[in-house]
Amino acid sequence: MARFLAIDWDQPALRVVLASGSTSGVRALKAFSWTAPADFSAATAESAGRAFREALKKEAAAGLGVWICLGRDRLLLRDIEFPPVQEHEEPALVRFQAAREMGDGSEEQVLDYCITRPGVLGRESRQAVVLAVKKSLLQSLQAFCQGAGLKLEGVTARPFAWLGALQRGQVDLQGTIASLGIGQRQAELCVFESQKLLLARSLPLGAMLAGEVTRNLALFGVRAGAAVRSLTLAGIDDPQLKTAAAEVGVLRQPASDASDDYAAALGLAHLVSTSVPPINWLRPKQPRPVRQRKKEYAYLGVFLTVAAALVLCVVGFLVLRNKRLEIGTLEKMKKNLADEHKALEKDLENIAYLRDWENASISWADESYDLAARMPHLVGLHLNQLNAKVTLNPAQASKKKNEPREKWVANMNFSGWVPPKHESELLTLQKSIQSDKHLRLSPGKRNAADKKSGEFEYLLDIAKQPASEYRTELIVPKKVEPPAEIEEKKEEVKEGGES
């Protein structure tokens, strides 16, 4: 919610309320008073504003929008009656009528008005209340706000601030009601009917105030032909005033907001937050230019329709042309991309060939090392042959795009002899080979040893694996005992030599 200042301009002490308002209501954040200079005028207004700015800094309220209400004693009020006219002609007629009643002094005044009885066009006259304030005072207030670094958003009459106070106090505003507010120098008696201002009087403070209130309400009842239903005391607790009317409602602000001295400022803040004040001398109602006739509007409508159709045609043509250019550009891009793709197909084939070649490469040094580590360490065991070759043809494999790749890319064939009694050691070799996932005993091949002769032969299929996966460690025993068969053969050789 936006914060703003509401000032009850009642010299010498100005009542200031810092408020935060919305359409649902107003919340008073802070209330304080500030004493204006006794010689306040257009010449001293700006310097007084600078002094007021220092006070605002202490209250953390500098640089805000501000609304000001002026007391009844600073205003000139006239009730006027005029024939009903068109809405755009009304401000000029009201100003003319008010100038006639005010005389030459109207040129030095800023006028604004609000309707009290609307009337019916051509049948009943309308009534309005015109409120005027001196131009010099309005200029002084503008200079004051400029010096204070505030944005003056509106200047209105204090009677409407009392109306805001009644609204804020949730007083029943139906019918004709009166309110009495107390200022620093005088009291103000206001009469409203359906929230429209009918009467505003300045009354002197003192013991005769209750009698003056009763007399003015009686005179109003005689003149208007309707009695005041109730009298609401704004910020007053006086037993004599309570008996001035048959029904009296007492308006009091909560202690958290401010004391009764700030009733007008709080009412102004509530009025500004929930509605538009009927009077604002910063933006008074002004005559408006005469509306054009219906025929002229019809011609204007036809012209605008034709112009809009032409504009749409031009815009549509330009959009269509741009879309065609975009389609042509996209077709060229598509053709270029197709040519590039065709040129890259050969490269893709070469890359696939290189990938298959890489997958078919085997580290034979590591495979030989692992085979040596797996072989049993027996005296007399020896290999007769060891053959190894790559079985995967990269050129053929690269053409099989949609078929799964062959896992086994090479094989190794080795054969040898082991003492027959130690053929069981070859079972350990066979299990070691089968436990390695990148090796398998080739199916369809007799992978075993001859128990009688001790000969053995194995054919292994080999899959590609990274160098980091070759982890088999070759452990050479310190001493290997020769088998008994070897010792017997040695003895037989020695004896044959001796004989």
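The values are calculated or read from the model by the stated rules, or taken from the named source; none is laboratory data. For clarity, every value in this text was computed on a predicted model and none was experimentally measured. Cβ placement follows ideal geometry from the backbone for every residue including glycine, while neighbour counts extend to all protein chains displayed. Heads up: the accessible areas ignore ligands, DNA and RNA and are worked out on the full protein's heavy atoms, side chains in. Shrake-Rupley method; radii C 1.70, N 1.55, O 1.52, S 1.80 Å.
Worth a mention:
- Order by protection proxy (mean Cβ within 10 Å, highest first), peptides 262-269, 106-113: 262-269, 106-113
- Of the trypsin sites (Lys or Arg not before Pro) in the stretch 119-176, those whose Cβ has at most 16 other Cβ within 10 Å and which sit in DSSP loop: R123
- When the C-alpha to C-alpha distance is required to be over 25 Å, the pairs from K346/K389; K342/K464; K30/K196; K421/K478; K134/K196; K30/K57 that qualify are K346/K389; K342/K464; K30/K196.
- Approximate spin-label separation E473-V315, in nm, with each point projected 7 Å along Cα-to-Cβ: 8.2
- For S453 and R355, the difference between the fully extended length at 0.36 nm per residue and the C-alpha to C-alpha distance is 30.8 nm.
- Computed over protein heavy atoms with a 1.4 Å probe, the accessible surface of the stretch 142-231 works out to 41 Å² per residue.
- Packing, taken as the mean count of other beta carbons within 10 Å per residue, orders the peptides 86-97, 61-72, 462-473 from highest to lowest as 61-72, 86-97, 462-473.
- Residue-normalised accessible area of the stretch 265-387, given per residue in Å² at a 1.4 Å probe: 74
- Solvent exposure of the stretch 1-122 as accessible area per residue, Å², 1.4 Å probe: 48
- Extension gain (nm, one decimal) between A207 and C114, 0.36 nm per residue minus Cα-Cα: 30.1 nm
- Computed FRET value (nearest 0.05) for T35 with S194, which takes r as the C-beta separation and R₀ as 45 Å: 0.75
- Share of carbon and sulfur in the accessible heavy-atom surface of the stretch 18-62 [1.4 Å probe, %]: 48
- Segment D73..K295, full-extension length gain: 74.9 nm, with 0.36 nm per residue of separation and the alpha-carbon distance subtracted.
- Prolate is the label for the stretch 71-146, because a/c, from the alpha-carbon gyration tensor with a ≥ b ≥ c as root eigenvalues, is 1.5 or above and a/b exceeds b/c.
- Gyration tensor (alpha-carbon) shape descriptor, the stretch 261-370, a/c threshold 1.5: oblate
- With the simple spin-label model, which puts each label point 7 Å out from Cα in the Cβ direction, the T274 to L173 separation comes to 0.6 nm.
- Expressed as a whole percent, the accessible area of the stretch 85-229 that falls on carbon and sulfur atoms is 49 (1.4 Å probe).
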